[in-house]
Amino acid sequence: MSSDLGPGGRPTVTTSTARPEGGGRAAPGDAPAPARQWPIIVVIVGAVAGLVTVATGAFRAGAIVLGAAMLLGGVLRWTVTSVGMLAVRSRFTDVFTYAVLGVAIVLLALMAQPDPVIRIPFLEDIIHFSVR
């Protein structure tokens with residue numbers, strides 16, 4: 001058969017794999033579940049607040065709140081040692097992803113028509129080219 005089988009023909013359990021970086025808790029184990037995962041809850045509450053703001057008709061303000069929630073997620077991932085489920089991959093990958101998404105959402109919100117707050121010519125060209 002295969003060398004991956006242990007005694008009795010059962011598959012062996014891998015014991016040498018490193019635990020995921022986000023596998024730890026953000027609060028002590030005796031704390032209630034929401035308190036242990038406060039970083040992801042803060043980011044989710046911010047994102048939901050942004051989406052609700054967009055749904056009520058304030059697109060630009062809601063998108064900025066949503067982007068700010070992503071940026072806050074990056075800051076929390078960078079500064080807090082144990083962030084629980086906010087950690088997905090390595091710290092660098094998580095911070096980079098949160099930062100790029102947050103900045104992109106905020107920039108696009110500020111460029112939204114009508115009456116854009118900022119104008120970035122090459123981004124306007126990309127948007128006009130992709131929409132046509």
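Taken together, the values in this text are just the output of simple stated rules run on the coordinates, not laboratory data. Because the structure is a prediction, the values reported are computed rather than measured. Methodologically, a virtual Cβ is constructed for each residue, glycine included, from the backbone with ideal geometry; neighbour enumeration extends over all protein chains shown.
Once the other residues with Cβ under 13 Å from the Cβ of Met70 are scored (Lys, Arg +1; Asp, Glu -1), what is the net sum?
Details: positive: Arg77; negative: Asp94.
So the environment of Met70 carries a net charge of 0.
What is the sum of charges around Gln113, taking Lys and Arg as +1, Asp and Glu as -1, for the other residues whose C-beta is under 12 Å from the C-beta of Gln113?
On the way: positive: Arg60, Arg119; negative: Asp115, Glu124.
Overall, the nearby charge balance is 0.
With a Förster radius of 30 Å applied to the beta-carbon distance between Val103 and Phe129, the computed FRET efficiency rounds to 0.90. Extending 7 Å from Cα along the Cβ direction at Met111 and again at Thr56 yields two label points whose distance is 2.8 nm.
If I stretch the segment between Arg119 and Phe96 completely, what's the gain in nm (0.36 nm per residue apart, minus their alpha carbon distance), one decimal? Spell out each step's value before the answer.
On the way: separation 23, 0.36 × 23 = 8.28 nm, distance 2.43 nm.
Value of the extension gain: 5.9 nm.
Between Ile44 and Ser82, the contour length at 0.36 nm per residue exceeds the alpha carbon distance by 12.0 nm.
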